[in-house]
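Take a look at the structure set out below.
Derivation of every value follows stated rules applied to the coordinates shown; laboratory data play no part. This structure is a prediction, so every number in the text was calculated from the model and none was measured. Quick reminder, even Gly has a Cβ in these numbers, built from the backbone with ideal geometry, and neighbours come from all protein chains shown.
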Amino acid sequence: MEIFLDNIVFTIQKAGGVSVYWYELLQGICRSGLPVSFLNARLNPENIFEQRLDYRQHHCIRESWIPSRYLRYMPLRHTLPETAVFHGGYLRVSPQKNVVNILTIHDLAHERGLAVNFPRGLANISQKRYGIKKADGIICISDSTRRELLHFYPRTDPRKVKVIYHGISDTFHPCHEGEEPLPLLPPGFGPYILYVGARNNYKNFAVALEAMRLLPSRYKLVAAGGGPWNKRDSLLIEQKLAGRYHIAERVSPSNLNLLYNYAWCLLYPTSYEGFGFPPGEAMKAGCPVVTANTTSMPEVTGNAGLLADEISAEAFAEKILLLENETYRQRCIQAGLAQAKLFTWDRSVQETICFYKDCWNNKF
């Protein structure tokens, strides 16, 4: 069983959850001893995960001279050997009938109208529809995503769909006594509530700011990652929380682990996620998670999450204040540490390889 992995995803984004997934999958499959070839491997200097790969150790194929910004929307143009397994990093499949196509569906945000607008949204949906039709096996990263896939594409055979959860990196862990104190924040800053990631649309950043306004003024907000701040978000946080916030626009994984460790909690008010890394990372670092009881969040947090039944500032503030009971807070932390152990990249990679073999055996 010869495996071909399409790394075009690294040209699509500088970082992000899909890049994390693909990088960890590549690493694990390459360690498995199976014959692996890479397509579209070019060390994009802007993607932090591709820069960690040493392509000299692997067979790399340049699929086409077509620029990646166009190639990403096309079916695979390289002819693969018969009975090969092709897994596209982002929605691409091979048009060949004599290979096994594996497709990963991360979310159905475009179908919900939550992601980018026309024409990219239409292109994404069209590409996804074609990929689902051609795929011999479809990986969904949560049961929530699986249910949505079958809702939006009801002709999909559920027997070819498998839920394989992401892992959570071992970079995230509780700090040990004597570890470096948090270097990112002003002296005496805190206690703070941590917001991680993008601030647009369904991430509900404005709701997070309103929730902070309902809390006692001793609580501060740290907003980490999520890319450059636009003028609107900068004005909004200054209007709502003047003197009560700190922005960590660029933060390394090790420093993010420190932020989780020292935080009062993670506030993750998203209304839609295919999986959602920050709650898993926070739990693994011993940080309580306040999020919404929606899409994949109950799957990721289990009984450890403080899940608000509505997306409102009042509901999130109420959950945060529950953590002032120290016994309850410690119970949440311990439950989170146990829940996070369910999500390992070793498990994710092994389940993916087993799925390749099952799909291969079913076809050939």
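Going by how many other Cβ atoms sit within 10 Å of their own, how do His87, His106 line up, fewest first? All intermediate terms of the calculation are to be shown ahead of the outcome.
On the way: His87 24, His106 19.
By the 10 Å Cβ count, ascending, the order reads His106, His87.
By how many nm would the segment from Leu184 to Leu34 grow when fully extended, if each residue of separation counts as 0.36 nm and the alpha-carbon distance is taken off? Please report the intermediate quantities before stating the final value.
Working: separation 150, 0.36 × 150 = 54.00 nm, distance 4.22 nm.
This chain segment gains 49.8 nm when fully extended.
For Thr327, Thr156, which order do you get if you count the other beta carbons within 10 Å of each Cβ and list the fewest first? Kindly include the intermediate steps, with their values, before the conclusion.
Values: Thr327 7, Thr156 18.
Taking fewest neighbouring Cβ atoms as first place, the list is Thr327, Thr156.
Between their Cα atoms, which of Lys97/Lys128; Lys160/Lys284; Lys162/Lys284; Lys128/Lys240 are more than 29 Å away from each other? Don't skip to the end; give the middle numbers.
Details: Lys97/Lys128 18 Å; Lys160/Lys284 31 Å; Lys162/Lys284 25 Å; Lys128/Lys240 40 Å.
Table pairs above 29 Å Cα-Cα are Lys160/Lys284; Lys128/Lys240.
Tell me the mean residue ellipticity at 222 nm calculated for the chain from its helices only (DSSP H runs of n ≥ 4, each -39500 (n - 2.57), averaged over every residue, nearest 500). Can you show the working numbers first?
Working: 14 runs with 139 residues, N = 364.
Roughly -11000 deg cm²/dmol at 222 nm, from the helical runs in the chain.
After finding the eigenvalues of the alpha carbon gyration tensor for segment 192-340, what semi-axes result from the square roots of 5 times each, listed largest first in whole Å? Can you show the working numbers first?
Numbers: eigenvalues 93, 53, 48 Å².
They are 22, 16, 15 Å, listed from largest to smallest.
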Taking Cα atoms only, helix 313-322 is inclined relative to the longest principal axis of the chain by an angle, in degrees rounded to 10, of 70
Inter-label distance, nm, simple model (7 Å from Cα along the C-beta direction), Arg120/His151: 2.4
Full extension from Arg129 to Trp229: what is 0.36 nm times the residue separation minus their Cα-Cα distance, to one decimal in nm? 32.6 nm
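What do the square roots of 5 times the Cα gyration tensor eigenvalues come to for the chain, in whole Å, largest first, as semi-axes of the equivalent ellipsoid? Walk me through the intermediate numbers first.
Details: eigenvalues 281, 86, 81 Å².
The equivalent ellipsoid of the chain has semi-axes of 37, 21, 20 Å.
Quick one: which of 185-198, 91-104 comes out on top by average Cβ neighbours within 10 Å, and what's the full order, highest first?
Most protected by this proxy first, the peptides run 91-104, 185-198.
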Given the C-alpha atoms of segment 76-117, compute the convex hull and give its volume per residue in Å³. 85
If I model a spin label at Asn361 and Ala242 as a point 7 Å from the Cα along the Cα→Cβ vector, what separation in nanometres do I get? 6.7
Let me know the charge dipole size of segment 192-340 about its Cα centre in debye, to the nearest 20, where only the beta-carbon of Lys, Arg (+1) and Asp, Glu (-1) is charged. 440
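Give, in nm to one decimal, the length gained when the segment between Lys14 and Gln350 is fully stretched (0.36 nm per residue of separation minus the Cα-Cα distance).
Working: separation 336, 0.36 × 336 = 120.96 nm, distance 2.65 nm.
Length difference between fully extended and current span is 118.3 nm.
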What distance in nm lies between label points placed 7 Å from Cα along the C-beta direction at Thr79 and Gln334? 6.3
Hey, with R₀ at 45 Å, roughly what FRET efficiency would His59 and Ile311 work out to, going by the Cβ-Cβ distance, to 0.05? 0.40
